[in-house]
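Presented below is the structure to which this report refers.
The values are calculated or read from the model by the stated rules, or taken from the named source; none is laboratory data. Since this is a predicted model, take the numbers as computed values, not measurements. Note: ideal-geometry Cβ built from the backbone for every residue, glycine included; neighbour counts use all protein chains shown. Surface areas here come from the heavy atoms of the whole protein model, side chains and all, with no ligands, DNA or RNA. Shrake-Rupley method; radii C 1.70, N 1.55, O 1.52, S 1.80 Å.
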Amino acid sequence: MLLVTLNFDNIGVFLPFVTHVVHITLGEFLLNLLIVFTSLIIYKLHMRKREVSDLAVQFTFPLAIDIIRGSNGINLAYGPPSYEPVKTFSKDDNKNCKTMLFSSDGQYFAWSNASKVKIVLCKTWQIVTEIQRPKICALKFSSYSTYLATWEPSFVTKEEPQGSQNFRIWKSETGEQVQHLIQKRMGDWEPQWSSDETFFGILKGGNVLLYENNNFDRYVHKIGKGNIAKFSIAPGNAPYHILCYMPGSSGQPSFGRLFKYPKFEIGEAIASKSFFQADKVDMYWNQCGTNVLLMTNTEVDKTGASYYGKQTLHHLNIKGETAMVMLSKEGPIHAVEWSPRNTEFCVIYGFMPSKTTLFNCKCETVFESGIELWDVINRKLIAKTDAPDTTLLRWSPDGEHFMTATTAPRLRITNGFKIWHYTGSLIYQRPWNNQEELWEVAWQSFPSNVFPQKPISYKAVEGIVTNDNQSQAPKEAYRPPCARGQNITFKLHDDLEAPSKSSESNPSKAALKMKKNREAKKAKKELESNNPTEHVSSTTTNIKIELTDDPEKNKKIKKITSKLDQISKLKEQLKAGKQLEINQLDKIKKEDELLKELEELTL
């Protein structure tokens, strides 16, 4: 008689049971024991399969990445590998969707459609609240998605001579309004929260006002004395840091000053960087909030070298160190981005073809390249790709895909977006027809620890084949939307009047200069056809000058010799590629005549 008890607590479920007390042989007991353990193994495999399935749902589900805003409204579709529309999301067909935004943790998605602001919960893609404010055109979520700040134009009326209250803060979950005030300028309206929502700040009247613990009734700290034009709160938890831009008055330098919360006096700044020529600035923190890049920008380049103005890049850190980032090529700065490791940053700059440089936190060059896909750790090129007419490039949160897009109003033709694998393969594209415009495309936000880092592969994944790889269709001339789809019969310059005779008889200074240059080029070609430049050499170096007993002849010989020396120098300049004046080219043509005259005088 045997008593058998089996506990299945090793698989997370406690299942004790006792067999009946029976008389069995040893063989029957072993057979029953085998059946029990076989059942246990099957059960464990089943539970393991469920765990793997749960992980697959958590990490490999199709991302709802394609948040599309354009002339046909707001739409949402899954990313790789399905690209199917999200059925639980109700498409907004309103053609006046002004702005859209994900919360930083990906919990909410909001947009304004010139009628109201809608907020959806990203887990279900269902609307959780609506804000009935039709003129809202800018949005900002707090760090934990607790609040949504909105901005709309302010209007002066008899009832509100100072302007209507246009800055408001709402609870994201319920749409309850918790703050409202006046922020007239859209350029600096945006509030900022610390990463843990301990405090938030706004720029008002040239001062940074800081509120603690989401108490919006009264600020507890003020930075500046009406001289701050922009500020940025560093990401990360305490100790907190804030970078402020203080423009200089005429002839005085501007400053970027880094403060440690809550010490905000000028003498308490832990780092300070001065610079001239800054109409506006942009600030780029790394994710851990220890280093920040300050890019200054002038709207007009006084040297005339760049249409985009002039930019310089400065570096500050919370240790108090500052430096200027030295770029090895002239031209505008196109993009600045910190690496996810927070120890390096990348800058794309220079006149086309632009240059890409990776810097460390000491502003030292790590390596340089063109715009390509690199394994940064191993300094190895993964792939090159070509995406013409790109106005937007964004990496997916999974780190394996990136998106390129051609958007309006930067380009109003050939709008659309493409999704690529980091090995350079194009895996999806969606073009827009010429009657529609694409304004913005965004990836869904996710917390940084959702997607594990995977080993880098250098083998290209299978992509799609497009006609662009086989033949490039000729580009069409730009047409405004009202003229698209119509037959245009006019020709360029049809509306220009023929030049009048009076303008020909009295040409302007510019016309005379152009005519002079044309004649000079024509004379140069004629000279080169008669005396090719590759055979041009100094003639006078081979001439032996012999003076005579006649002083008058000697005077003429010296005069001709001087002219030949001038011709020799002019021919050297012509050989070097310098453009000569018409009288100088005529002087070169007289060389043979002068040589003949010199020869007769020396006989």
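Going by amide H atoms built from the backbone, whose H comes under 5 Å of the H on Thr391, apart from near neighbours? Amide H neighbours of Thr391: Ala405, Thr406, Thr407.
Per-residue accessible area (protein heavy atoms, 1.4 Å probe) orders Arg518, Arg69, Arg379 as Arg518, Arg379, Arg69, starting from the largest.
Rolling a 1.4 angstrom probe over the protein heavy atoms with all chains in place gives the stretch 191-324 an accessible area of 49 Å² per residue.
Accessible area ranking (1.4 Å probe, heavy atoms, ligands and nucleic acids excluded), largest first, for Thr146, Thr296: Thr146, Thr296.
Solvent exposure of Phe200, expressed as accessible area, is near 0 Å², computed with a probe of 1.4 Å over the protein chains only. Straight-line cross-link reach from Lys158 at under 27 Å between alpha-carbon atoms covers these lysines, not counting any fewer than eight positions away in the same chain: Lys116, Lys135, Lys184, Lys204.
Computed from label points 7 Å out along Cα-Cβ, the spacing between Phe367 and Glu337 is 1.7 nm. Accessible-area rank, largest first, for Cys122, Cys346: Cys346, Cys122, with all protein chains present and a 1.4 angstrom probe.
Summing charges over all other residues whose Cβ lies under 11 Å from the Cβ of Lys329, with Lys and Arg as +1 and Asp and Glu as -1, gives -1. Summing Cβ point charges (Lys, Arg +1; Asp, Glu -1) relative to the Cα centre of the stretch 191-324 gives a dipole of roughly 300 debye. All other residues whose Cβ lies under 13 angstrom from that of Asn213 are scored, Lys and Arg at +1 and Asp and Glu at -1, for a net of -3.
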